[in-house]
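Data first, discussion second: the structure below is written as structure tokens.
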Amino acid sequence: RAYTELQTGLGALARVQEVLSLDPEDDDRPARPGTTTAPRLPAAGDPTPLLELRGVDFDYPDGTRVLHDVSFSVPAGTRTALVGPSGAGKSTLLALVEGFYPLSGGSIRWAGTDVRDLPRSVLRARMGYVEQEAPVLAGTIRENLLLAAPDTPEAALRQVLEDVGLTPVVDRSELGLDVLVGDDGVLLSGGERQRLAIARSLLARPALLLLDEPTASLDARNETLLRQTLETAARDRALLVVAHRLSTVRDSDQIVVLEGGRVVAVGTHDELVETDPLYRELATAQLLV
Ligand code: ATP
């Protein structure tokens, strides 16, 4: 048994060393020497949008143009959905907002300031990003949550789990929040992993939550829980959600329809069903019309 434990320990050590040897992300200086102070964030109803894309073009390093002249804004405290066929450029757009790649043209503004004038840390401090395959650490639920905000009191952890519909998961085990996520503990479904990642993101109190909805099919219960989670999350912040299921975003304040890297329509669900053939087609295919 000691030998097995030693092997496990060595495996863990190798993984830690792998992480420690990674190069840190390039430095935090803004792309242009501009103002480096955090801009004052607009409140709901303010005329300055929280996020604004103006004529954004983007080519991947291999030269493929993926986004053409994309413009839209996300006012503080509102919900925007990005929809469109596979390959339309939705995930790429979220990556650009997160600052993973430089734009090929146009600009992105955060609270009125061009993001090239801001250190990434300023931007990311108020922006949460939950990717499609949301990473969940092989620790406990508590460890997964505390990663985002180490000093969070127990009551706040329980509240955020309630907000994302994960209370039944921690109640399943007598270990509660200290139940292991993974092979030895609670096996989380894809939907539960995504909601745990959302909970972790919410604890950092972002002003904007970027969410790439999983493409994998969710069962009806997990889909309802994701929809409810988004409603709760939207109470205190703006949301920009890439949606593959229109049912999760039909209540959004605005839906941006992308096709071939261009914005082809912007409106509410009801408006787009009336006016945009592509959106109507997507909605019809998903039995929403
Ligand atoms: P899906 O709904 O399938 O997730 P999407 O709308 O999110 O699709 P993206 O993943 O943003 O679309 O991809 C847009 C286009 O960019 C696709 O044609 C894709 O092949 C291309 N693409 C994505 N990542 C890269 C990359 N790293 N290098 C080159 N091209 C890429």
Those residues that are within 13 Å of Glu259 (Cα to Cα), more than 8 Å from the ligand (Cβ to nearest atom) and among the β-branched types (Val, Ile, Thr), I need them from the stretch 60-112; list them, please. Val70, Val83
Being farther than 21 Å from Pro168 by Cα and either of a type in the set (D, E, K, R) or surrounded by 14 or more Cβ atoms within 10 Å (Cβ to Cβ) (or both) is the filter here, so list the residues in the stretch 126-152 that pass it. Arg126, Met127, Gly128, Tyr129, Val130, Glu131, Gln132, Glu133, Ala148, Ala149, Asp151
Failed criterion for Gly87 (all others in (1) surrounded by fewer than 19 Cβ atoms within 10 Å (Cβ to Cβ); (2) within 22 Å of Ala149 (Cα to Cα) hold): (2)
One residue is enough: does the stretch 254-264 have a residue meeting the conditions assigned to a loop (DSSP other than H, G, I, E, B), surrounded by fewer than 21 Cβ atoms within 10 Å (Cβ to Cβ) and not small (Gly, Ala, Ser)? no
Can you find even one residue in the stretch 165-182 that is crowded, with 20+ Cβ neighbours inside 10 Å, modelled with pLDDT of 90 or more and assigned to a loop (DSSP other than H, G, I, E, B)? yes
Taking the stretch 211-248, which residues are of a type in the set (A, V, I, L, M) and under 14 Å from the mean Cα position of the chain (by Cα)? Leu211, Leu226, Leu230, Ala233, Ala234, Ala238, Leu239, Leu240, Val241, Val242, Ala243
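The values are calculated or read from the model by the stated rules, or taken from the named source; none is laboratory data. Please read all numbers here as calculations on a predicted model, not as lab measurements. Cβ: placed from backbone, ideal geometry, glycine included. Neighbour counts: every protein chain shown.
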